[in-house]
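Heads up: the structure comes next, in structure tokens.
The values are calculated or read from the model by the stated rules, or taken from the named source; none is laboratory data. Keep in mind the model is a prediction, meaning the values are calculated, not measured. Ideal geometry is used to build each Cβ from the backbone, glycine not excepted, and the neighbour counts take in all protein chains shown. Ligands, DNA and RNA are excluded from the accessible area calculation, which covers all protein heavy atoms including side chains. Shrake-Rupley method; radii C 1.70, N 1.55, O 1.52, S 1.80 Å.
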Amino acid sequence: MKAKVIEVLSSIYDPEIPVNIWELGFIYKLEVNESNDVYILMTLTAPNCPVAESLPMEVQTRVSMIPGVNKVTVDVTFDPPWEMDMMSEAAKLELDLLY
């Protein structure tokens, strides 16, 4: 089930950055228990991010649509603050940040 959740998270994009939220490192914690309840702790680039309201709701809605998923809880944190070094190598390559 965790792999299915990661697949969905990998299909969600911050509209300002052409990389998915999984590769951006926005997901700080992902837990799936035996009842297929999903807990996601995520962040955004900044507290005043234009999608601060909509992106966590999109994550919750899209993960809830996975067959077999029971309850989905999404919490947003800014501790620690997101930094560019949290991105995967693939994200850095996509954004031409690897030298």
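Figure legend. Inter-residue proximity from segment 75-96: first residues without any contact (Cβ under 8 Å) to a residue 12 or more places away in the chain, second residues open to solvent by less than 100 Å² (accessible area, probe 1.4 Å) and not in a helix (DSSP H, G or I), beta-carbon distance below 6 Å, spacing 6+ or different chains. Indicated pairs: LYS92/LEU98.
Across segment 65-99, the number of residues qualifying as among the small types (Gly, Ala, Ser) and farther than 15 Å from SER10 by Cα comes to 1. Figure legend. Inter-residue proximity from segment 2-28: first residues in contact (Cβ under 8 Å) with a residue 12 or more places away in the chain, second residues among the basic types (Lys, Arg), beta-carbon distance below 6 Å, spacing 6+ or different chains. Indicated pairs: VAL8/ARG62.
Listed here are the residues, each with its yes/no results for (1) farther than 23 Å from LEU93 by Cα; (2) small (Gly, Ala, Ser); (3) open to solvent by 80 Å² or more (accessible area, probe 1.4 Å); (4) more than 11 Å from the chain's Cα centre (by Cα).
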| site | (1), (2), (3), (4) |
| --- | --- |
| TRP22 | no, no, yes, no |
| TYR28 | no, no, no, no |
| SER35 | yes, yes, no, yes |
| LEU55 | yes, no, no, no |
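Among the residues making up segment 58-99, those that are exposed (fewer than 15 other Cβ atoms within 10 Å of the Cβ), farther than 18 Å from LEU41 by Cβ and modelled with pLDDT under 95 are MET84, ASP85, GLU89, ALA90, LEU93, ASP96, LEU97, LEU98, TYR99.
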